[in-house]
Structures are given as C-alpha cells and as structure tokens.
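The values are calculated or read from the model by the stated rules, or taken from the named source; none is laboratory data. It should be emphasised that the depicted structure is a prediction, and the values quoted were computed from it without experimental measurement. In this analysis, Cβ positions are derived from the backbone assuming ideal geometry, glycine residues included, and neighbour counts consider all displayed protein chains.
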Amino acid sequence: MTDDADRSAGPLAGHDRPIVELRGLTKRFGAVVALDAISLAVRAGEFLTLLGASGSGKTTTLRLIAGFDVATAGQILMDGVDVAALPPFKRPVNTVFQQYALFPHMSVRDNVAYGLRMRRVRAADVTTRVADALDLVQLGALGDRAPRQLSGGQQQRVALARAIVNRPRVLLLDEPLGALDLKLRRAMQLELKRLQTQLGITFIYVTHDQEEALTMSDRIALMRNGRIEQLGSPTDLYDRPRSRYVADFIGETNLLRAVVAGTGAAPGLIRVEVAGGATLDVAMPHDAAWLARAGTETWVSIRPEAMTVCADGHPTGTPTPGGARPGGQVVLAGTVTAAVYAGSIVKVHVALAGDASVVAHHTPATAPTPAPGSAVRVMASADRAMLVGA
Amino acid sequence: MRARFDPLTAALWTAAAAVFCFIYAPLAVVVLYSVHDAAIIAWPLRLGTLRWYGVLAHDRAMIDAAVASLKLAVLAVVIALGVGVPGAFVLDRFDFPGKAAFRRLVLLPLILPGIITGVSLLSFFSFVGLSLSSGFPLIPGWPVVLGHGAALTSVVVTQVFARLQRFDRALEEASADLYANEWRTFWRVTLPGIRPAVLGAALLVFTLSLDEIAVTFFLIGRQNTLPLQIWGLLRRGITPEVNAVATVIFALSLLTIVLWSRMMRDEI
Amino acid sequence: MSGVAPALGAPPPSDAGGAGGAGGAGGEPRDPAHRARPATRLDRLRARRGWRTLLGSVVPVSWAVTLLLVPYVLLLAQSFWRLRDGVITHELTTENYRRLFGTPLYPATILYSAGVALRVTVISLALSYPLAYVLAFKVRRHRTLMYMAVIIPLWVSYLVRAYAWKIILGQDGILNGLLLSVGLIRAPLTVLLYSTAAVVVALTHIYTPFTLMPIYAVLDAIPVSLREASQDLYAGRWRTWLHVTLPLSLPGVVAGCTFAFVLSMGDFLAPQLLGGNDSALMVSNLVWSLFGVAFNWPLGAAVSVVMLALTLALLAVAGAVEARGRYGQVATGAVAEYAGPI
C-alpha cells in the first residue's frame, strides 16, 4: 500500500521539480564521444521520447539513467538526488529491454515476480501483484508458460509487466517495439500510451522511429551525434523544426537552399532567395532570430502535404486556406517529372529552376493530377514554409 | 564513481590469474629445465646450456621416432579428410535408415577414453590377422595408421558438419540458378565455403595424431612414435634430454595454434 | 588421448563481443533450429539420383562399420570368450564378468578410479568457473588472445604436461627445493610424487582447459541484457549470479564436468608416471596391464566393457541434464552434441 501511496503522490509532489534531471551528462568510449554534455529535465508523469538515428546517443543516455554504464562526466539527478554512484539495482527505475531480456529459465510468472522477490516483498503480495500485472497486459492466462513459448508481442507484454509490477517512478523503454511487425507495433503504441496514462508512470522511451515518437510522446528529444538537436512537443518538432536535420528526420519534407534577403511583407515573415532566383516570404521560427541576418545561407522546409500543385494557366487553381491569410503564399514554378500513386494521395515530383526539386502531395479528388512534363506552380501558405538552420 | 576498489572483482581477477599460473607454471618449468646445466634435474636451477638440444640432435632413435610420427600424422590427415569430409556431407544432406546410429558411431572415439578404442582396435586387427608391423619400414604399420584414421575421423566430421550446418544453402541454389551444374557448384561455391573448416580440421588431426598415445600404445609395431619414445625415456627416469624435446614440441605446438587461429580468423 | 578433440575446435570469442561467439562441440555456433534441419527438397532430388548417394555414403559408412562398429562389437564379444591356457577360445562364457565382480580388487579399482576422477572434476570446476567467468564478463580487450592462452595447453603435448609434475613434485623437485630454501621443511618430502594426490593434481592440470571451454562457451552466450535486467530488477551481483547466470551456465558446467570425469577416469599414463603403487588401482591401468602384460584379453575386454557402459551411461545422463537446461538462446555444450538427437 505504501508503494501505491508513493506512486500517486509522485506526480503531484514532484510537480515543479523534474523527476529525472541530466546535467552535462557525457559518455566517452575511448576516443568516441557517445554523449556530449547533454542536459535534460524530465517532468514527472510525462512521456518523453529520445529519438534519433543509431549512434546518436539515445540508448547510451537510457543506459546511463538505468545505471548499466557509468558516465564519464555529469550528473543524473532523480528527485534531486545524484544517483551516479548507485548501481542499477538501487535505482528507482525499471527497464523494458529491446529484445525483452526475459529470463529463459523461468516461467512468465517467475519473470514478473523476479523484481518483487529480489526486494523481498511478502509472498502473498507477490502473487496478487504479479496476477494484477499480468492482467493489466492481458496475459493473465499465460503465467505458467515459458517465455520461448510466447509470440513476440506476448513476450513484449511480459517484459512490460515485469517492469511495471515494481511500480517504478520512471520506466525506461529501449526500442521496446522494434522487434514487432508494423501492425502489432501500431496496436502496442496505443496500448503503451494507454498504460502510461492509466498508471501515471513517467516514461523515457528510446526509438529511432519518428512516427512512433510523434504518436506517443508528450515531448521528444531528437538526438544527433551525442547532443540534443531539439527538445519539444511533437507539434513543435514537426511544425517548427529548428534545423534542417530535424525537419528532414521528422516526417517527409522538401528542403530548399536559401539565402536571407531581408524582412518579409508581414511581421513574423522573412524574405529569402531560393536557388533558382525566386524570392519568397517564409515563416521564421520564433527562437531563431539569429537566422534573420541578411546574407545568411540557410534552408527552407516545406512539408509535401502543405503544398498544392496547380497547372500553369489556371491562376486560381484550388484555393488554399493559406491563400487567405495575411502572410500570403509561397509560389514556385516548375515542371512535373513524375506522379507516383500512393493510395489516398498522389506524390507529384516537380523540378524547379536551379536543380532543385520538390514533392507535393496532391489529392486527386480535388483536381486532376498534372501529367509528367506539364508546367505547374507549387504553392504553400507562407506560415507553413519554415526557415530552418543548416 | 564505480572505478573504486571492488573486492569481489579483485578476488575474481586474482583467482583467474592463479588458475593461469597453475596452467602455465608447469610448462615454464619444462622449458627452463631444458637449458638446465646439470645431468640431474634438481633444485636450484642452473640456467644456460644448450647441450641437451645437442644430445637430442644426435639421438638416432628419437629422430627415427619423430620421422615415424610425422609420417603417421600425414597419413592420419589424409585418411581422416578422405572419410570425414564425405561423412560430414552424408550427415548434413542425406537421409538414410541408421543415419543417427552412424553419427553416434563416428563420434564415439571423441567421447570414449582412448584406451577403449585402442584395445578394441587391437582386438580387431589381431582377429583379422593384420600384423602390427605390416607396412614397416615404409610406414610405422598399417594398424596404427588405420587406428589413427578411425579415431580422428570424428574430428573432421564434427568440424566440417558444423560448418555445413551454418552454410547458406541459398548460395548453392543461386549457383544452380546461374547455370552451374552440381559438380561446378560444389567446386566453386560449396568447397570454398567449407575450406577453412577443412583446413582447421586437418591441422587439428595432424596435431592430435602427433600427440596420440592411448591408441598408438596398443597398435604400434616395431617403430616407436615420438610420444612413445619419450614415454620410454620417462619410464627409465628423467633425463634432461626429455626437457629439450618437450620444449621443441611446445614451440611447434605454439606455431600450430598461431597458424590455426590465422586460418579461423580468415573464416569470417 | 583421442578423447580430446571436440572441445579443441571451439572458436575463439570475437573481440567485438555480442552473442556471436557461442560455441558448441565441434566449436561452431549452433542454432537449435538448425540442428535438426530436415533435408531440403534439393537434397531429396539429389538423393533420388541413387548413385550419388551411394558413392557419397558408401566410403564413410563402411569405414565406420569396419573400423569402429566391428572393433567395439568384437570387444564386447571377446569379453564373453574363454581364455584357456593363454589362448583365446571362442567359447561363450560369463566367467570374465563373474571374475570381475567376484574379485574385490576389480570393483575396488573402479571405485578408486571414480574417486580420483571425481576429485579431478570438482577441482577442475572450481578452477575453471571463475576463470571462465572473468574471461566472459570481465575481460574487455584482447579477449581472443586470453581465450587462446587458456586453450593453448591443449595443443601442447600431453606427455609434457604430465611429466612437468614429475619435475615439480619429485624428491629433488622444485617444490621440495623451495620449501627447503625457505626453511619450511628440513628434509625433502617424499610423499609428494608417486601418490594419489600427485595423480589428481596432474590430471586436474591436464583437463582443466576441457572443463573451462564449455563453461566459457555458455557464459559467453548469455546475453548481457539478461544480467542487466536482473540488476534492473533489484538483484545485486551475487543474486544475479545465483538466479540468472548460474542456472543458464549449468549446461556448460555439466558438459565440462563430464569431460573432466570421463577423460581422467580413462587416463592411464599420468597415473603410471606419477602414481607409484597406487597407479595400478586405476581402471585404465588395469585394462592396460591385462592387455599388455598379463595377456588376458577376455578379462581386459570385460573390464573395458564395464568402463564403456559406465561412460555411456554417464554421457546419457549428462546429455539429458544438459538438454533440460538449454533454453534456446544459450549455446549447447559438447555432451549434447553427442548425446542429443540428430
């Protein structure tokens, strides 16, 4: 019962103090810097995703928090206490491993009971808590099975049950869905999110799958080369990427090389010249004023779904909602090189002047798909054309 | 942090180091005493002579024994490969009644004490009337050659079979798809794939044959092999010459294992 | 020493770490799904071309039958033959077995040998487990090199290894010399050499690497995440070892112990060299003298058959224990290689 009280008190008690805080955390393996002085404050009860390509340092961060590796420098605070010197078995976190790491010589039930037994929880309590945990992941009937007799998805649930049965303040998940097929992965994403909300446990989740990160996270820390490239909500990262790398990593995007020319026609807009000579007014991320200096070489990111393709000679085309906004429109002229059918949309590849090219998502229901070779104009609302750092 | 002194880890390392010493100290002793400058092997050690190597170089019987051992080892390799490689293929690819029994039979000499294989073969050759000295002086004797072949074929079978199990059969199918007949597929795809295992097994058989005593003991005719010659010396008492020959063997063993590890490294 | 081969083939572990270095007998990583790989369609197609199958299998099969099956069966047959005036007759009799079990000397010999083998096994295990553990989990750099260093002695002449102990333990040997020079003893100890203890020490020295290899192979194959998961679930290092590492390494322990026991029980050279009068009490020496000195082959055959039966029984038990302790992802030991299903 004390544990329960503790858990429910957790998110409230630690409301303003981060539950986990990393300060200047650095990890070197020989000459390789895996983690370069990152700082990060995890809020109690949130679902935080460490997203990044392999080698970006996301798993290293998780392993340092769990205590499997020792940091070269920096601090790891949990509830304000530095835990760097504590071995894993003394830290108030639990881990769901990438390949599940279920003990092959124990039944599902014994796997789940392991942590409780190690903490010498009373046998009767172990029985009920294990049963509850298995029920929670809908595996109540499979307690006597050996892990190898279960499917991948079931093993994944056992791994989850084994961790949450301990009622940790923070749950660390290392690509827990990586080994599952796409359909199961999608189902488990929702399931995990539901569990996280229901239990109120803080999740620190590692994945390389940006779609997964967008679906589940309250906040995402996009990592690159041992640093945090951008930290923010999924919308922040998708709509207001700070850099070209972020824009490219999260979702699909079109990147156009650009040079800052001056301020734009409306507040919040900035005028740039893109390759090929066109001048555009694009949105400037609020925290990137440094980009605004004239002559700065940078990039413009426009999502394919933000673009509309209009055949040349039909100036009205399809009116876009953006067209009515005061910011006006970004308009680029080009030639269609290919139109690739993709179910609900058609991906229209357009070659622009100066070797640049973009892909626009065209909805065939609204207008006929332009044929390859035809001259078109590609339009997007100015506030969806983002200036991003190199 | 955790780099501080940790008694458990220290104890483990100490134990490991002690076991290493236990394994290597006796070998070092032999090497050191091979340059011990006295006819009696006693403490303290007096280092600094090569005379026992000189005695060794002039020991006719020892040299004859070494030559016999080499011949025997080469023949053992030829036989073991000739039987073992097809044997491994049979186990990997063919189904026939009694296959499991065949496999167990072939592997039996690996697992049984050598003396049992030795006395069985002795009984067999005596039963069929094959003289232990037949074939001498060209070879040390047919029974001992066949005996080594029989005992060591299993080494080739296990090594090559294990390799074949890991061999990607899709490569052979690709080869067949690309117009190679079975014969050319075997030579150009399968054999190169298992070559390291075959070479490694050959080296292993060679080394084991050179060192074999249990089977040899019962099957040898007039000509001693090197281990039996040394054994004879040891039975008469310790002579420093034994240290010299032991050191030479030790050096050659090291050379073989370096060769072997090179081969295995190229495998992947 | 033909019993040595299986473990020798174990591959060196990869420095890169990971689960790649699993070694079974024959030394190759072994995917259980692969063990019983059925013949593919291509195989059956080929097998139908009868001559090829015949050509491929006739040599190895007939070889194995002639030089392995027939001799072992002959040994069994011979143990039921009668020795009359020093000549083997082909009359069937159980006299050899009656004599074997009727004379206290023979069962005593078997028990004594088993006792020596048991001591060798226990000490080898105690020595090799910590070393294997350090190699598998503590060594970060030069792992291949260190593993090689452990198995190099297996390539070094058996006789050299056995004989070294004569130099160390002899009356004028190093141990006596050292003890005298530090003043612990006043006169050389004569009990060191030519004793059961000397035999046990030498056999332990000779066979410890055999015990070590399968243990190392299973330890190396335990995914590091399992031990991390245990630590994550509040078990310290000791309890992690007890609840996770030890159970998962049992197949290797069983295989290693079986090697040590069978090989040392079957050894007859080290006892003869170092064991003095006790040496005649090892069962292999009994076989040796019945065949080589007394020329009572039928009785020698009977003793061999008993030894053979004991060995096979032990292997069957070990194989079963080992198979039960295997959990798919952990490498099999060498005993299962032999005793397991094809």
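What's the total number of residues in the stretch B:123-151 that are facing another protein chain (nearest Cβ under 7 Å), under 18 Å from the mean Cα position of the chain (by Cα) and either surrounded by 24 or more Cβ atoms within 10 Å (Cβ to Cβ) or of a type in the set (Gly, Ala, Ser) (or both)? Result for the stretch B:123-151: 2.
Take the conditions over 27 Å from the mean Cα position of the chain (by Cα) and assigned to a helix (DSSP H, G or I) and apply them to A:Asp144. Does it pass? Write out each step before concluding.
Numbers: over 27 Å from the mean Cα position of the chain (by Cα): yes; assigned to a helix (DSSP H, G or I): no.
No, not satisfied.
Identify, please: which residue in the stretch B:212-253 is among the polar types (S, T, N, Q) and in a helix (DSSP H, G or I) and is, among those, farthest from B:Ala73 (Cα to Cα)?
To start, the set of residues in the stretch B:212-253 that are among the polar types (S, T, N, Q) comprises B:216, B:223-225, B:229, B:239, B:243, B:247, B:253.
Keeping just the survivors that are in a helix (DSSP H, G or I) gives B:216, B:229, B:243, B:247, B:253.
Numbers: B:Thr216: 12, B:Gln229: 16, B:Asn243: 23, B:Thr247: 20, B:Ser253: 14 Å.
Step by step, filter the stretch B:212-253, then rank; the result is B:Asn243.
Condition check for C:Thr258 on (1) within 16 Å of C:Leu111 (Cβ to Cβ); (2) buried (at least 24 other Cβ atoms within 10 Å of the Cβ); (3) out of contact with any Asp or Glu (no Cβ under 8 Å at 6 or more places or on another chain): one failure, at (1). Only one of the listed residues (C:Leu180, C:Leu212, C:Leu226, C:Leu219) is in a helix (DSSP H, G or I), touching a residue at least 12 places away in the same chain (Cβ under 8 Å) and more than 26 Å from the chain's Cα centre (by Cα). That residue is C:Leu226. Restricting the first member to the stretch B:206-223 and to residues that are in contact (Cβ under 8 Å) with a residue 40 or more places away in the chain and facing chain C (nearest Cβ under 8 Å), and the second to residues that are crowded, with 23+ Cβ neighbours inside 10 Å and of a type in the set (D, E, K, R), no beta-carbon pair is closer than 7 Å while six or more apart or on different chains. Restricting attention to the stretch A:361-390, the residues that are without any contact (Cβ under 8 Å) to a residue 60 or more places away in the chain and crowded, with 18+ Cβ neighbours inside 10 Å add up to 2.
The lone criterion from (1) over 26 Å from C:Phe268 (Cβ atoms); (2) touching a residue at least 12 places away in the same chain (Cβ under 8 Å); (3) touching a strand residue (DSSP E or B) at 6+ places or on another chain (Cβ under 8 Å) left unmet by C:Arg143 is number (3).
Kindly indicate the residue of the stretch A:89-121 that is farther than 23 Å from A:Arg145 by Cβ and in contact with a Leu (Cβ under 9 Å, 6 or more places away or on another chain) and also surrounded by the fewest Cβ atoms within 10 Å (Cβ to Cβ) among those meeting that condition. Steps first, answer last, please.
Quick first cut of the stretch A:89-121, residues farther than 23 Å from A:Arg145 by Cβ only: A:89-93, A:119-120.
Now narrow it down to the ones that are in contact with a Leu (Cβ under 9 Å, 6 or more places away or on another chain): A:89, A:93, A:119.
Values: A:Phe89: 19, A:Val93: 23, A:Arg119: 14.
That would be A:Arg119.
Within the stretch A:360-375, take every residue that is farther than 16 Å from A:Thr335 by Cα and polar (S, T, N, Q) and give me the one that is nearest to the chain's Cα centre (by Cα). Checking each candidate, the answer is A:Thr363.
How many residues does the stretch A:131-141 contain that are surrounded by fewer than 17 Cβ atoms within 10 Å (Cβ to Cβ) and in a helix (DSSP H, G or I)? Adding up the residues that qualify gives 5. Considered as a group, the residues in the stretch A:202-230 that are surrounded by fewer than 18 Cβ atoms within 10 Å (Cβ to Cβ) and within 18 Å of A:Glu21 (Cβ to Cβ) include one that is farthest from the chain's Cα centre (by Cα), and that residue is A:Arg227. Of the residues making up the stretch C:311-326, those that are under 14 Å from the mean Cα position of the chain (by Cα), within 9 Å of another protein chain (Cβ to nearest Cβ) and either farther than 15 Å from C:Thr121 by Cβ or hydrophobic (A, V, I, L, M, F, W, C) (or both) are C:Leu312, C:Leu315.
Taking the stated definitions as given, is C:Leu192 of a type in the set (A, V, I, L, M), touching a helix residue (DSSP H, G or I) at 6+ places or on another chain (Cβ under 9 Å) and under 30 Å from B:Leu252 (Cα atoms)?
Working: of a type in the set (A, V, I, L, M): yes; touching a helix residue (DSSP H, G or I) at 6+ places or on another chain (Cβ under 9 Å): yes; under 30 Å from B:Leu252 (Cα atoms): no.
Answer is no for this residue.
Quick one: in the stretch C:281-320, of everything that is more than 22 Å from B:Pro109 (Cα to Cα) and in contact with a helix residue (DSSP H, G or I) (Cβ under 7 Å, 6 or more places away or on another chain), which residue is surrounded by the fewest Cβ atoms within 10 Å (Cβ to Cβ)? It comes out as C:Asn296. Any idea how many residues of the stretch B:65-106 are in a helix (DSSP H, G or I), in contact with a Lys or Arg (Cβ under 9 Å, 6 or more places away or on another chain) and of a type in the set (A, V, I, L, M, F, W, C)? Selection size over the stretch B:65-106: 3.
So which of C:Ile110, C:Ile185, C:Ile168 ends up being without any contact (Cβ under 8 Å) to a residue 24 or more places away in the chain and either within 8 Å of chain B (Cβ to nearest Cβ) or under 30 Å from B:Phe127 (Cα atoms) (or both)?
Values: C:Ile110 fails: without any contact (Cβ under 8 Å) to a residue 24 or more places away in the chain; C:Ile185 fails: either within 8 Å of chain B (Cβ to nearest Cβ) or under 30 Å from B:Phe127 (Cα atoms) (or both).
The match here is C:Ile168.
The residues of the stretch A:66-88 that are within 14 Å of chain C (Cβ to nearest Cβ) and either surrounded by 17 or more Cβ atoms within 10 Å (Cβ to Cβ) or assigned to a strand (DSSP E or B) (or both), listed by number, are A:Ala66, A:Gly67, A:Phe68, A:Asp69, A:Val83, A:Pro88.
Could we say that B:Gly200 is assigned to a helix (DSSP H, G or I), modelled with pLDDT of 85 or more and more than 10 Å from chain C (Cβ to nearest Cβ) here? The answer is no for B:Gly200.
Just a yes or no: is a residue in the stretch B:115-122 more than 8 Å from chain C (Cβ to nearest Cβ) and either farther than 24 Å from C:Leu76 by Cα or modelled with pLDDT of 90 or more (or both)? Steps first, please.
Residues of the stretch B:115-122 that are more than 8 Å from chain C (Cβ to nearest Cβ), as a first pass: B:118.
Checking which are either farther than 24 Å from C:Leu76 by Cα or modelled with pLDDT of 90 or more (or both) leaves us with B:118.
Yes, the stretch B:115-122 contains a residue that is more than 8 Å from chain C (Cβ to nearest Cβ) and either farther than 24 Å from C:Leu76 by Cα or modelled with pLDDT of 90 or more (or both).
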